[in-house]
Amino acid sequence: MPIDVVFLEPCFPANQREFVRALHAVGARVTGIGERPKEALDESLRHWLFHYEQVGNVTDVAQVEKAVRWIQQKVRVDRLEAVVEAHVMCAAQVREACGIPGTSVRTTFLCRDKPSMKEIARQHGIPTAQSLGTNDPDAVRAFAAKVGYPLIVKPRDGAGASGTMRVDSDAELESAIREYRLGRGGSAAVEEFIEGHEGFYDTITIGGRVVHEFVCHYYPNVLEAMRTRWISPQFVCTNRIDSAAAYEELRALGRKVISALDIETSATHMEWFFGPKGLKFSEIGCRPPGVRAWDLYAAANDFDIYREWAHAVVHGRPSQSLSRRFSAGIIALRPDRDGVISHYDGVEEIQRRYGEWVIDAHLPPPGTPTQPVEAGYMANAWVRMKHPDYDELRRMLDAVGQTVKVRAR
């Protein structure tokens, strides 16, 4: 009997189709629920999908639940999966309402609400920043007086660095209070600023057991990278995770967080800091990382990571081993000003020097409007590379940032 999997939003963003492809490839019968009309699906998606249901909003619990209950009248739904941060809570609520196994509402909430997440971490002895979640301006002021500056203020359920600001003074704190509308219906997470190097630890986890894990490093840290035009930021997946003793503490921390939050069968994405106060947990999501980091993991390890995720969901066991042959990374290339792209300098030189190590690149053609710096690593131009030696890869990515210039007018 086939395993029936409902997948939330197979069309957008673009790499959602890879999850559908992989589920179909491992033998699942896949029903998609999405916002686009069925006619808008391409031939491959229509082939991979057993059925498709259109709804007006894939984050609307009532609409998605109605669609799932209709599907349950036709087939036994074994899994309901969502892999986008904005979709995971809706999926969890519909799962519980319809009696479908998977990540619980409690776990999903804890993986989205930063202050609650950190409180659970502290209860389990996991080192993390002091934090507060509140809608009360006076509580924020009292927290600042107790902890001191700098502070980090962010959305309680935000993804990545979106909407995050650093606060260094009373005046900036008052500006943040106004920005987040505290005392006027808004709410925010306020955290102690943790000094140190920043990275992430990602897994595929089955029944609470980590079966695959990956470590990436940010250069520089995200908050600086998303606010400084002249920086060409990178993140790099290391292939030394199994061999370097320095990662043992991080791997143990990641497993402890997954256990504390009761994450069972899921992809996970965890941010961490290491600095003068030691290794600190930052936050975790019960979904894959963004910025197509999974593509780097696949290129670095000679395997189909989407198929491996699907095998975990459908069959409850891993099916592939990781080669750890390469480190892999991305460097974002920012236009020198806002406007439209006019031309590029240095592309031919990089291709000549390092072409064999380039995974792929995105160089929007002249005339393309630029995107703001804070739009992220893949908003404008970028290059992705791999190499067997982590340090050599870092040197090559630095050379790309120093050589390739995106000119705008």
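Brief remarks follow.
- If you go through the stretch 339-362 and keep only what is closer than 13 Å to A408 by Cα and free of Cβ contacts under 8 Å to residues at least 40 places away in the same chain, you end up with nothing.
- If you go through the stretch 11-26 and keep only what is surrounded by fewer than 18 Cβ atoms within 10 Å (Cβ to Cβ) and either touching a strand residue (DSSP E or B) at 6+ places or on another chain (Cβ under 7 Å) or under 18 Å from V84 (Cβ atoms) (or both), you end up with F12, P13, A14, N15.
- Within the stretch 3-25, the residues that satisfy the criterion of being in contact with an Asp or Glu (Cβ under 9 Å, 6 or more places away or on another chain) and either in a loop (DSSP other than H, G, I, E, B) or without any contact (Cβ under 8 Å) to a residue 40 or more places away in the chain (or both) are E9, C11, F12, N15, R17.
- Matching residues in the stretch 351-409 - criterion: being polar (S, T, N, Q) and farther than 16 Å from R229 by Cα: Q351, T368
- Members of the stretch 37-81 that are in contact with a Pro (Cβ under 9 Å, 6 or more places away or on another chain) and either of a type outside the set (S, T, N, Q) or exposed (fewer than 13 other Cβ atoms within 10 Å of the Cβ) (or both): L41, L45, W48, L49, F50, Y52, V75, D78, R79, L80
Here is a yes/no grid of residues against (1) among the hydrophobic types (A, V, I, L, M, F, W, C); (2) closer than 29 Å to Q371 by Cα; (3) in contact (Cβ under 8 Å) with a residue 24 or more places away in the chain:
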{"residue": "Y180", "(1), (2), (3)": "no, yes, yes"}
{"residue": "E192", "(1), (2), (3)": "no, no, yes"}
{"residue": "Y201", "(1), (2), (3)": "no, yes, yes"}
{"residue": "R229", "(1), (2), (3)": "no, yes, yes"}
{"residue": "D242", "(1), (2), (3)": "no, no, yes"}
{"residue": "A246", "(1), (2), (3)": "yes, no, no"}
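- Criterion violated by V153 - all others in (1) assigned to a helix (DSSP H, G or I); (2) modelled with pLDDT of 90 or more satisfied: (1)
- Qualifying strands (runs of 3 or more DSSP E) (wholly inside the stretch 188-244; at least 1 residues being surrounded by fewer than 21 Cβ atoms within 10 Å (Cβ to Cβ) and of a type in the set (A, V, I, L, M)): 197-206, 209-219
The values are calculated or read from the model by the stated rules, or taken from the named source; none is laboratory data. Values in this document were obtained by computation on a predicted structure and should not be read as measured data. We place every Cβ from the backbone using ideal geometry, glycine too, and count neighbours over all the protein chains shown.
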